[in-house]
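The values are calculated or read from the model by the stated rules, or taken from the named source; none is laboratory data. Since this is a predicted model, take the numbers as computed values, not measurements. Glycine gets a Cβ as well: all are built from the backbone with ideal geometry, and neighbour counts include every protein chain shown. What goes into the accessible areas is simple: the full protein's heavy atoms, side chains included, and nothing from ligands, DNA or RNA. Shrake-Rupley method; radii C 1.70, N 1.55, O 1.52, S 1.80 Å.
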Amino acid sequence: MRANKGKIMEILESHAVVMTSDGHFNRIKRKDSMRIGADVIYTSGDLVEKPSSKKGWVFGLKAQVAVATFVLLTLVMSQIAMPAAYAVVSLDINPSLQITVDESRKVVGIDPMNTEADELLEAYVLNEDKDLHAVINELIKLSNAMGYLTNENHNVILATAMVDRKNSKSGSDELMTEILDVIEETEYTFDFTLVSTVREASELKNAKSEGLSLGRYAMAKENFLPPGQEKKIEEPVEIEPVALDAEPQIEEEEKPTLPPGQEKKVEESKNIDNEKPVPPGQAIKEQNTPSKFVITEKKAASPNDNKGNGKNKGGGKGN
Amino acid sequence: MDSISAKEAKIDPVSREIFIKEHIPFVIYTVSSVTGRYISTENDMEYSIGLEALNNAIDAYDGSTSKFETFATTVIKNRVIDFLRKENRKGYQLSESDVMEAIMDESDSVDMRMEIAEFTEHLKKFGFTFDDLVDVSPKHVNSRKRAIRLGMRISENENFMTYIYKELKLPVSNIVKLFKESRRFVYLHNKYILSIAVIFDKEYSIIKEWIGDVIRGDEYESQ
């Protein structure tokens, strides 16, 4: 048992928070005559949460009960928390992010997968109960605002979905369809190539062990490079998942001139199960496209576009 | 697992001293559980009574009936209860110097409370409380030193503080660049670092003084 001296900083219903003179904060039991600012001497036996002391414990039974309660609570909480992680969506812009959602598509967490994502998330506030659709859009728009997606670059966004359930394939497809729908319906001020893919749970584990987002892992695994970056293959560069990391300074050579009728924004990107998943109305590049990756060109909204129209069919590039 | 047993403490004065030192937290805990409040200073009367009772318990313990701690708990509790009863009967007869001391203490504690209240309000603006800081403050003393030192340096930078009060967050990238800190460290402890920066920027002198030991200790180190 150890004794500490702390200053009471906050008194709550069930406990108080003290700050020790070496800048540590502790939760201690509430007792009589507690006053904000008062110095108190307390022991590890007074800590509300799991005692940190590893020294001899006089009140062994209490400690055991506390530990047992803690373990039990942890188990119960983990049981409750488990269903929360229903699916993972990775968004590689670069920044590279991994979004965890629950079954109702509420975002339960966003993990930065590289330093650019750190910076992006620094500027992004994830509110409680925010749904995936809103988050994806906000992240894409924020990436634009922060200069990761600009009209000067050949922008590539890789969206990857994985549902961690028995019927994961159909679940993932459904989720990806929703994501594509959202992107389709949203007006952006910049062009980008959207590469979408659905993956399996086992791949997420491997991606994690490699320290990569699911999407970047999938790309590396299948030696896939998105349009505009294929040229790099000719150079003596290893096909690494960092392909998206490279600032897209590559000139947009051989960018296909789209027939007037096809200069459309993303439409109905729902056929990702097909062998040749070509969503109608989209300009599709098929070279170097393994079946699992679907490529969609999304054009910037024209300034003349009427926002009230909902879908942006026929919306060409700004100029 | 005590290195010295009560029996050894009973016969050897040096062992007794070590034994008592080792049992100070035990005394604090026991006294506090009797009074129902925390001991506020090392000069607390009840605490002194508890220490004295521990000393007596060492002499009285014969090792035949129970564990020393069980025995000592009873001795300490009875002694403190006796003391409290006496105090109640006696009532409070304060001398002039007691009154003056009490007034001084009270004014200090009012300042302290005001500082903490103001600090609490600031934290609220940033979207967290002291209770949140329990979970996010660095657990290791070296990390705390590092975070406190960083918070202090941030507070000295006017631009950073302007950004912090405006954007309600740390300018992580710039901090990383200017202070050559690891991004991971700043992210991991950003709330803690931010709190420290506010303490130093707002000149919360009593809180500053309170955590000053950490920094003062640090000054002796290489930097």
Task: Residue, most open to solvent (accessible area, probe 1.4 Å), within segment B:29-66, restricted to residues that are at the interface with chain A (Cβ under 9 Å from one of its Cβ atoms) and assigned to a loop (DSSP other than H, G, I, E, B) - done: B:Glu42
- [ ] For segment B:121-149, enumerate the residues that are at the interface with chain A (Cβ under 7 Å from one of its Cβ atoms), of a type outside the set (Lys, Arg), in a helix (DSSP H, G or I) and touching a Ser or Thr at 6+ places or on another chain (Cβ under 8 Å).
- [x] B:Phe130, B:Leu133
Open item on the list: Condition first: more than 8 Å from chain B (Cβ to nearest Cβ) and either of a type outside the set (S, T, N, Q) or open to solvent by 20 Å² or more (accessible area, probe 1.4 Å) (or both). Now tell me which residues in segment A:16-45 satisfy that.
Closed with: A:Ala16, A:Val18, A:Lys29, A:Arg30
Open item on the list: Criterion first (at the interface with chain A (Cβ under 9 Å from one of its Cβ atoms), under 25 Å from B:Asp111 (Cα atoms) and at pLDDT 85 or above) does B:Ile206 satisfy it?
Closed with: yes
